[in-house]
Amino acid sequence: MIESAGGLFAIALRGASLLGTIAVIGGWVFSQFVVVRAAGPAVEPYRGSLAQFGNRLAMAGAALIAALMLPRALVQALAPATPTGPTGPLVLAVLQSAWGIALMLQALAAAMVFAGLRFANVSRRYTRLTEAGIAVLLVAPAFLGHAAADPDRALTSIIVNTLHVAAAGGWIGALLVLTLLARTLRSRDHGGPLLASLIVAFHPLALAGAGTVFATGLATAWLRMGAPEGIANATYSGLFVIKVVLVFVTGAVGASHAKLAKRRVATVDRAAIARTLLGEALLAVLVLLVTAVLTGTAPIA
Ligand code: HEM
């Protein structure tokens, strides 16, 4: 399974790149939507620093994606399937391929997001730069994975894959920010009411994100494995089932936060919430790991 998905290094780098993408989308969504929606006296003094916290995670994700470009090209160039020879020309050949060009555009978009957020206060042009970079980062996985290679329905696959990545980033990425914040707020005064306000503000986004992730996930599965063209690869369909089960468990853990949000609680037990948020975030990272194997595995036998 590991070798057919490109080997351990390729899977690890692909997973790290997906995590970077989720962190960029989640950090940006958190600062643009969750912080803006959060209500209550506990939030006011911290609105600016909360938005910065989200942007910093997005910048860290962007830096990770950019840093992964050359290692991913190198691993691709040295992959068993690739002809042997001096490494330099092999890497160049990979970077000149359609996959390599998508990889370089992804790294360029990550640099745009990093610069856009870093100089956001300088002028609105940098906000546009961030948004343009994020748009490219949403589409890039489709050209680095299976979607764009779909022989019959490439455009549909690219659109569905992009919506899937956007929803996964909005839900799980913002969850990662909340998880890190909950750990920071454990020892802060007013941390309970502040965290409660953020969980209430995050809830509708998590619901919309989870719903869209499921719908686009099922659509993507149908596009990849849909009969009657071919018999689905047992490894691929097995990984798909593992992923869906893991996402259900992630959602179940998240349901406990949803209950609090629905009751619009005024404060929360910070230590307990920090633990369950961490549990949910770790499960989501596991989903990304399975996705990193899934996107490297041939869907049809
Ligand atoms: C925590 C929730 C989820 C996250 C974070 C997530 C993340 C992702 C990401 C980042 C990709 C893009 C891979 C790429 O094109 O490189 C992907 C692909 C995919 N996801 Fe999800 N996903 C989630 C839930 C689901 C669910 C619930 C389903 C099914 C119902 C699903 C089915 C798929 C499929 C079939 C692919 C395509 C893999 C391929 O290109 O071969 N995902 N997912």
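Could you calculate the FRET efficiency of L286 with A149 from 1/(1 + (r/R0)^6), where r is the beta carbon distance between them and R0 is 25 Å, rounded to 0.05?
According to the calculation, E is roughly 0.45.
With the full set of protein chains in place, find how many percent of the accessible area of the chain is carbon and sulfur; take the probe as 1.4 Å.
71 percent
Suppose R0 equals 30 Å; then what is the FRET efficiency for Q96 and I300 from their Cβ-Cβ distance, rounded to the nearest 0.05?
0.60
Using 0.36 nm per residue of separation minus the Cα-Cα distance, give me the extension gain between A252 and A79 in nm, one decimal.
58.4 nm is the gain from fully extending A252 to A79.
Note down the relative contact order for segment 8-295 as a percent, whole number, built from C-alpha pairs under 8 angstrom at least six residues apart.
RCO, segment 8-295: 23 percent.
Give the Kirkwood hydrodynamic radius (Å, one decimal) of segment 8-295, defined as one over the mean of 1/r across all pairs of different Cα atoms.
19.8 Å
Tell me, what ³J(HN,Hα) does each residue in segment 56-73 have, in order and in whole Hz, if you take phi through Karplus 6.51 cos²θ - 1.76 cosθ + 1.60 with θ = phi - 60° and put x for Gly and Pro?
Rounded to whole hertz, the list is 5, 5, 5, 5, 5, x, 5, 4, 4, 4, 5, 5, 7, 4, 5, x, 5, 5.
How far is it, in nm, from the label point at E131 to the one at K262 when both lie 7 Å from their Cα along the line to the Cβ?
3.5 nm
Angle, helix 154-168 long axis vs. longest principal axis of the chain, Cα atoms, 0 to 90°, nearest 10?
The two axes meet at around 30 degrees.
Can you give the accessible area per residue of segment 215-301, in Å², using a 1.4 Å probe?
Accessible area per residue: 50 Å².
Could you give the length gained by full extension between A67 and A272, i.e. 0.36 nm per residue of separation minus their alpha carbon distance, to one decimal place?
70.3 nm
Hey, what does the equivalent ellipsoid look like for segment 213-301, semi-axes from the Cα gyration tensor as sqrt of 5 times each eigenvalue, largest first, whole Å?
Equivalent-ellipsoid dimensions as semi-axes: 34, 13, 7 Å.
List the residues whose amide H sits under 5 Å from the amide H of I300, counting only those 5 or more places along or on another chain, with H placed 1.01 Å from N in the peptide plane.
N233
Starting from the Cα-Cα distance between A208 and L108, subtract it from 0.36 nm times their residue separation and give me the gain in nm to one decimal.
So the extension gain works out to 33.1 nm.
To the nearest 20 debye, what charge dipole does segment 8-295 have about its Cα centre, counting +1 at the Cβ of each Lys and Arg and -1 at the Cβ of each Asp and Glu?
With only Lys, Arg, Asp and Glu charged at Cβ, the dipole is about 800 debye.
The values are calculated or read from the model by the stated rules, or taken from the named source; none is laboratory data. The model shown is predicted, which means the values in this text are computed figures rather than measured ones. Here Cβ is always computed from backbone atoms with ideal geometry, including for glycine, and neighbour counts include all displayed protein chains. Only protein heavy atoms, including side chains, enter the accessible area calculation; ligands, DNA and RNA are left aside. Shrake-Rupley method; radii C 1.70, N 1.55, O 1.52, S 1.80 Å.
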